[in-house]
Amino acid sequence: MTLFKDLKHAVRMLVKNPGFSVTAILALALGIGANASIFSVVNAVVLRPFPYRDPDRLLLISESIPKLGGQILTVPAPDTVDFQTQSQTFDAVGSFQNLTHELSGRGQPVRVRTARLSASVFQVLDVSPVLGRTFTEEEDKSDHKVAVLSYALWQQQFGGDQDVVGQTITLSRQTYTIIGVMPRSFVFPTPGLATANPAELWVPMSFSQSELADRGDDFDYSVIARLKSGSTLAQANEDVNAIAQRIEDQYPPPFRGQVNLSASVTPLRQAALGRVQTLTWLLLGAVGLVLLIACANVANLLLARAADRQKEIAIRQALGASRMRLVGQFMTESVVLALAGGAAGLLLANWGAKVLASLAPPDLPRADQIQLDSTVVLFTVGLSIATGFIFGTAPAFSASAVHISEMLKDGTRSSQGVGHRRLRSAVIVSEIALATVLLVGAGLLIRSFIRVRETDPGFRPERVITMSVNLPLTSYNRPDQVSTFYKELLARLNATTGIDSVGFSTDLPMLAGWTRVFSPEDWSPAPDEKLNISNNSMVLGNYFQTMGIPLVRGRYFDDRDRVDSVPAVIISDSIAKRFWPDQDPIGKRLKWGPPQGNNPWLTIVGVVADVKNGPLDQQTRPHTYQSYAQAAGGLGMFGPANVAVRSTVMPESITNSVRDVVAGLDAQLAVSNIRTMNEVLETSISPRRFNMFLLTVFAAAALLLSAVGIYGVIAYSVVQRRREIGVRMALGASRRDVVGLIVRQGMFLVAIGVTVGLLGAVALTRFLSALLYEVSPIDPLTMVLGGVVLGLVAFLATFIPAHRATRLDPVAALRAE
């Protein structure tokens, strides 16, 4: 009954003071809504369990070679079989590889994301289809043409037909029989894995004999395993490492006993979310500071209102209300106020979650699941209640500490004025300190983003559009067929209006993938020196000219580079500077693999500028280029070709022209991954832009709330000090003197807050170091600018009420007292 009365009283107080209520609710809505929005990201990306049974027992098996830098590697085909047959700590082991297939026969040909899976993968994940079945071991081993559809593809291409099992589809011009449909929740490969994208359909792995014979090469396959109940990660690591040592004993002679192959296991959750968990929690912490600032603002409002209610409080105490009874009443008012702010914050969070989902970078796992669900709503309700206690506690105890006899005397001023002012000043200092931390953090990310944007990618992306063409082996199974197609495509595109130059490549700048070990001629590595690794691209046509990659010396590939001529290679400038620092590298030679290997020597014919192999903020790796025209096995052996076109007009306007040219050569061929190089460039920095945008928004909100808080404190102080100001002006103080006095007092609090905030920033911004680029976490310029910006805004918030104070009529002020 008491609680019900307190709730009714709290609602009446909110309605009675609409100005106070609206101001407080808006501040809380901003803080709580921002927290709910970010929590919707944390919930979708980090907290939501994976859609597999006992996902904590799922592990990825990886290999590592110290001389390759010790980075985590996926696994060659024969190694996946060894892990599956020799492991002792797993219930099941399976392998998978991402591909794409041309889906035709159902309207315009399209490319669909496909995953090759060993049949045991479904056993590892322990997920059953909603229709039909999954692969059998026999289908996996004997190359049966069967397929399992994802729920989304089943709906899009087959309209959710319940009789889809048994029907056929055409993948890369081969007929596959549909044997099952997976549940809507099943997404595999797991989003977030560096080597995988969720597939739209799954086909059997069906390793070929050549794949199984490729020992120590083509680290192209991922391995997933389910840990046995009772086994530990340490035991699993020992198990796979012992298998890796036996695998190395089967390596070809140049590498056997030389590479020190090792293997390890990583929990699936850590592998998929390790790159984003820290970021999401960091953002939640940052937006938590915004909420604390909002709480400080509301606490100051409550302190101000409590000063005006002291006579009411004294009367209630005189009538028998205990101090704890009053504290309970005030805390109820605070919680009701916080719940009202939380309700408004939910409306803001609903919009914010949609905005965050639309702005999320492509590599943010499960970004499509960011939404305002029941978990987020419960979090917001709990946060609102906790917030009510946070900002309500100090005002409640301060307001209830009233001297009854003094407050009941007519005309007596509050005996708590000094205490209130000190408490409100302390709250303001806290606000300023928190805002300073956020401003410095945002400044560091902004400076890092500017540095990234200023980084030279090594090519000219303007007016370049790219697309992927993958020739199916069923129709292009001879080298001459592949060569004829690409040469004709090259000729027709060069003759198309609006196209300046054309080139083909196995990869693209900033999207490199294929790496090779190489050895320069007459190079003797130190015993503990790492192997030389480069990204390698096969190119055709005017690829370098199309991409705008400058020639440093030598020449580009031309008609001299044929299958029957001396094998040629073009190297990046960093390779030339490392191995031939004061020499002309043209005419020098290198080979793939170790110096004692049997691969042929390649003659260097050109040196080109270093090109970013990955995102702009990552280190540029060495790069080597070979000519498609010298590929003895034909162009098709290297998989999809990326067609790059530099246009004389806006690149988007020639997309249909390129499609028409491809269709004129092969009407069934799907053209995919159409994008401009500017889009590739922007995508590479989208995670950094996302981080910067969010922290900047939080910092701006903190700055606004802090300015409002300072303004409120100074304005209230002016009202409370009307008599003092009136006396000062009556005794001859000028308006400048009054403004200076008030501004000095306000800026003193600001100076303390900024100082504390900068010290806090030095301690906390080290957690940002992984997100920074060529900027120190304690960058002096950013620290100074953060303090200056906050100081200027605080000065304005202080000056406005100080200037208003000078408009007081001294006589009127003295009479009012």
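The values are calculated or read from the model by the stated rules, or taken from the named source; none is laboratory data. Note that the structure is predicted; figures quoted are calculated from it, not measured. Cβ atoms come from the backbone with ideal geometry, glycine included; neighbour counts cover every protein chain shown. The protein model used for the area step is the full one, side chains on, heavy atoms only, and it has no ligands, DNA or RNA in it. Shrake-Rupley method; radii C 1.70, N 1.55, O 1.52, S 1.80 Å.
Worth a mention:
- Of all DSSP-defined beta bridges confined to the chain, some 80% are antiparallel rather than parallel.
- Protection-proxy order for peptides 683-695, 436-448, each taking the mean of Cβ atoms within 10 Å per residue, highest first: 436-448, 683-695
- Note that the chain presents 44 Å² accessible area per residue, ligands and nucleic acids not counted, probe 1.4 Å.
- Residues of the range 70-99 with amide N under 20 Å of a point placed 7 Å along Cα→Cβ from residue 54: 84-95
- Peptides 576-583, 358-365 ranked from most to least packed, by the mean per-residue count of other Cβ atoms within 10 Å: 358-365, 576-583.
- Amide hydrogen proximity for residue 460: with H placed 1.01 Å from N in the peptide plane, the residues at 5 or more positions away or on another chain lying under 5 Å are 548, 549.
- Using the rule -39500 (n - 2.57) for each DSSP H run of four or more residues, divided by the residues of the chain, the 222 nm mean residue ellipticity is -16500 deg cm²/dmol.
- The range 530-607 and the range 214-240: distance between their alpha carbon centers, rounded to Å: 37
- Anisotropy class of the range 170-216 from Cα gyration tensor, a/c 1.5 cut: oblate
- Applying 1/(1 + (r/R0)^6) with r as the Cβ-Cβ distance of residue 393 and residue 803 and R0 = 35 angstrom yields a FRET efficiency of 0.50.
- Relative to the longest principal axis of the Cα atoms of the chain, the long axis of helix 18-42 makes an angle of roughly 20 degrees.
- Between the range 104-161 and the range 742-781, the alpha-carbon center distance in angstrom: 54
- Between helix 233-248 and the chain: long-axis angle, C-alpha atoms, 0 to 90°, nearest 10: 20
- Virtual paramagnetic centre 7 Å along Cα→Cβ of residue 167, amide N under 12 Å, in the range 70-109: 106-107
- Ordering of 81-87, 532-538 by packing is 532-538, 81-87, highest average first (other Cβ atoms within 10 Å, averaged per residue).
- Protein heavy-atom surface of the range 412-535, 1.4 angstrom probe: 51% of the accessible area is carbon and sulfur, with nucleic acids and ligands not counted.
- Calculated FRET efficiency for the pair residue 523/residue 748, C-beta based, R₀ 41 Å, to 0.05: 0.05
- Within the accessible area of the range 574-692 (1.4 Å probe), percent carbon and sulfur: 50
- With R₀ set to 25 Å, the beta-carbon distance separating residue 249 from residue 85 gives a calculated FRET efficiency near 0.95.
- Additional length obtainable on full extension of the chain from residue 232 to residue 138, 0.36 nm per residue less Cα span: 30.7 nm
- For the range 143-255, the carbon plus sulfur part of the accessible surface works out to 46%, probe radius 1.4 Å.
- With 25 Å as the limit, the listed pairs 145/487; 591/612; 530/577; 67/612; 487/588; 530/612 have 145/487; 487/588 beyond it between alpha carbons.
- Label point at residue 155 placed 7 Å out along Cα→Cβ; residues across the range 116-132 whose backbone nitrogen lies under 17 Å: 130-131
- The chain shape via C-alpha gyration tensor axes, a/c threshold 1.5: prolate
- Computed over the chain: relative contact order in percent, which uses C-alpha pairs under 8 Å that are six or more apart: 16
- Where labels lie 7 Å past Cα in the beta-carbon direction, separation of residue 450 and residue 212 in nm: 6.0
- Farthest towards the positive end of the charge dipole of the chain, among the residues 100, 468, 346, is the Cα of 346, using unit charges on the Cβ of Lys, Arg, Asp and Glu.
- For the range 245-296: rounded, prolate or oblate by the Cα gyration tensor [a/c cutoff 1.5]: prolate
- Computed from Cα atoms, the angle from the helix 323-359 axis to the main principal axis of the chain rounds to 30 degrees.
- Between the range 654-720 and the range 27-65, the Cα center-to-center distance that results, in Å: 22
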